[in-house]
Amino acid sequence: MTYRILETDKSLGHALRRIGVDQLEAAIDDTRRPLDDADAAVHDIRKHCKKLRGLFRLVRPGFPDYAEENAAVRDAARMTSSLRDAGVLLKTFDALLIDTDPAPFDGLRATLAAETGRSLSEAELSAAFEQQRKALKAIRKRAHHWKTQGNSDKVLLKGLSKTWRRAARGFDQAAQSKDPESFHEFRKRTKDHWYHSRLLQGFWPGPIRSHRDQVRTLSERLGEYQDLSVFLERLDGPDLPVSSEQMRLIALRRRRQIGDDALALASKVFVGDIDDLPRSWQRRWKPWAKSA
């Protein structure tokens, strides 16, 4: 299963179908995993759905079914996403105290653990995966008939340029405002561009792979920032022990540090003229696109 446009792909539409079906089949297989492996299954299903939506955004200028299929994949991913969301709070909590005595915060952790422990029964979990599997199979059936329209070279250039510009704007806004909403938007746009660098890296392996790795590190930092923002929202809620205020200060300090780290990384990614990167990558895929 190769998440990459290949020079052996006969057309952009062929690449869309091949990669799309691969991701859908992997996600469908994950819905069949044992229920005691549900957390990992949900994580992997979300990952496959995100990769699909990243692919859609790259070919969006030439993909007439974009709106319908993007919404279908988004909705399918959400069918079990609450299982993943529940575990993020505890993972964030534990990471914050890795170098600190956790004893003063035992009461807070117990409260959060009780919340995350309110999970679905096996029957409910099985039904959720069955519903998700049915939705993914319906998308897979349509995926065999997906087509792109227009010049492949122009479609790729427009798709890449749009996400790259949006990521660059997200960086500017996050650097100026430094608020959680801006960082969240910046993270989403950065993740889109990371998927696009993975899809296109075969046309210029060394330079694009190096860029891709930088973007991945940035995306991971922004993901940590977002997890802390979700954690802080819960700490602002009711019915928590008094230790939650001290934990809130720890989380705020850590989020500030991660935000600064992310902006420093981003300053090395978003350099030069905004059009330079898409144009330089275009020169590498152009020979393939002419014949695709």
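Bear in mind these aren't lab numbers, they're just calculated from the coordinates by the rules spelled out. What you are looking at is a predicted structure, and each value in this text was computed from that prediction instead of being measured. Note: ideal-geometry Cβ built from the backbone for every residue, glycine included; neighbour counts use all protein chains shown.
Our summary gives the chain a relative contact order of 27 percent, counting only alpha carbon pairs under 8 angstrom and 6 or more residues apart. Report the calculated FRET efficiency for Leu97 and Glu25 (r = Cβ-Cβ distance, R0 = 51 Å), to the nearest 0.05. The pair Leu97/Glu25 has a calculated efficiency of 0.80.
Using Cα positions and a limit of under 13 Å, work out the aspartates and glutamates in reach of Lys290, with same-chain residues fewer than 8 apart set aside. Correct list for Lys290: Glu7, Asp9, Asp153. Counting other Cβ atoms within 10 Å as a rough exposure proxy, the listed residues His48, His144, His211 run His144, His211, His48 from fewest neighbours to most. In degrees, nearest 10, range 0 to 90: what is the angle between the Cα axis of helix 38-59 and the longest Cα principal axis of the chain? Approximately 40 degrees, to the nearest 10. Of all aspartates and glutamates in the structure, the ones whose alpha carbon falls short of 14 Å from that of Lys268, not counting any fewer than 8 places away in one chain, are Asp172, Asp213, Asp260. Quick one: angle between helix 122-143 and the longest Cα principal axis of the chain, in degrees between 0 and 90, rounded to 10, please. For 122-143 against the chain, the angle is about 20 degrees. Neighbour counting of Cβ atoms within 10 Å sorts the residues Ser152, Ser243, fewest neighbours leading, into Ser243, Ser152. The ranking of Leu277, Leu157 from fewest to most other beta carbons within 10 Å of each one's beta carbon is Leu157, Leu277.
Specify the inter-centroid distance of the range 1-25 and the range 231-292, based on alpha-carbon positions, in whole Å. Their Cα centres are 28 Å away from one another. For the set Lys47/Lys137; Lys50/Lys137; Lys188/Lys286; Lys50/Lys286, the pairs lying more than 20 angstrom apart at their alpha carbons are Lys188/Lys286; Lys50/Lys286. With each label modelled as a point 7 angstrom along the Cα→C-beta vector, the Ala264-Arg283 pair spans 3.3 nm.
With Cα atoms defining each centre, the range 96-173 and the range 191-228 are spaced 16 Å apart in the structure. For the chain, the square roots of the Cα gyration tensor eigenvalues, ordered a ≥ b ≥ c, give a/c of at least 1.5 with a/b no greater than b/c, which places it in the oblate category.
Please state the shape class of the range 1-90: rounded when a/c is under 1.5, otherwise prolate if a/b exceeds b/c and oblate if not, all from the C-alpha gyration tensor. The shape class here is prolate. Projecting the Cα atoms of Ala15, His48, Val230 onto the dipole axis of the chain, where Lys and Arg carry +1 and Asp and Glu carry -1 at the beta carbon, places Ala15 farthest toward the positive end. Rounded to the nearest 500, what is the chain's calculated 222 nm mean residue ellipticity when only DSSP H runs of at least 4 contribute -39500 (n - 2.57) each, over all residues? That comes out to -26500 deg cm²/dmol.
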